[in-house]
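Asks: Take this structure first; my questions come after.
The values are calculated or read from the model by the stated rules, or taken from the named source; none is laboratory data. What you are looking at is a predicted structure, and each value in this text was computed from that prediction instead of being measured. Here Cβ is always computed from backbone atoms with ideal geometry, including for glycine, and neighbour counts include all displayed protein chains.
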Amino acid sequence: MKKYGLQLRVQPSQQKKQPTRPPLPTPIGFQDEDEDDVEREISRQASKNKALKDIEEQHKKALEEDPSVFDYDGVYDKMKQKAVRPLAQDRQERKPKYIQTLIDKAKQREREHEIIYERKIAKERTKDDHLFADKDKFVTSAYKKKLAEQAKWLEEERLRQLREEKEDVTKKKDISDFYFNLSKNVAFGAEDSESRKPKKQQEEVAADTSEKATPLTNMHTESSKVRDEHHGEASTLHEGRSESIDAKPDSNASTEEKAVADEPKNDHHKRSQDALAAAKERFLARKRAKEQ
């Protein structure tokens, strides 16, 4: 029952009992799990140390395999250089086209003028040689070097002119030179000069080895045959001399002179035959080596 301005006091027996609330849980930081937290921290530190150790071992292994594996700045610089290089080449290629040719021509004309001037001075000097005939002449090493360079340059120019005259198309009468150069063209199946050199060297080595590999028995037999022929020839000459002495004692001197004159001719003939036989053997040996 309510009355205005007053609240009547209710007896305790008549009051309603309010439901009790469950107690609030204690905060995490105030729990009694200190031992568990320490164990977790220890395991976490152990796993962290193990991971760091593995990373360090991998780092060392990578450095042993390639010292520049972690050189990121160097790789970046190389990338930038590759990007900048075409620009630099483009700048170099944009030089004047004919400036180098003009410079070479100017140097050539300067050398020609120097040579003409030197010849003019030499002609003027020859006119006064009779005045200084009894004087000593001295030439410095620098002047000698200059003269040598001029002589070398003149020789190069002479060879260049001969080469140009030889390769001049207007002076060709037929197309034999065209076919000759076509046979040297690599695009048409000809071998390059650098690839031909090893083959020539191999052929020369094979020929030398085949010549060295010829059996020594053939050499001994040939030498024995030559000795027998010379011995038989000497015996026949000796018999002829003895018969001529017995038959014609008056013509002894003439027969001896003829025998002495004929002996070198026969020896020369035999030697030429032996040389031809040896050359033929070498040729056949080289041919067999090439076929193998």
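Asks: Please verify whether region 70-90 includes one or more residues that are among the aromatic types (Phe, Trp, Tyr), surrounded by 10 or more Cβ atoms within 10 Å (Cβ to Cβ) and closer than 30 Å to Val139 by Cα.
Replies: no
Asks: Please enumerate the residues belonging to region 107-144 that are small (Gly, Ala, Ser) and either surrounded by 10 or more Cβ atoms within 10 Å (Cβ to Cβ) or not in a helix (DSSP H, G or I) (or both).
Replies: Scanning region 107-144 gives a single hit, Ala133.
Asks: Hey, another quick one. Could you tell me which numbered condition Leu8 fails, if it satisfies all but one of (1) among the aliphatic types (A, V, I, L, M); (2) assigned to a helix (DSSP H, G or I); (3) at pLDDT below 70?
Replies: Here Leu8 clears every test but (2).
Asks: Related question: State which residue is farthest from Lys146 (Cα to Cα) when the search covers only region 84-117 and only residues that are modelled with pLDDT of 80 or more and among the hydrophobic types (A, V, I, L, M, F, W, C).
Replies: By that ranking, first place goes to Ile99.
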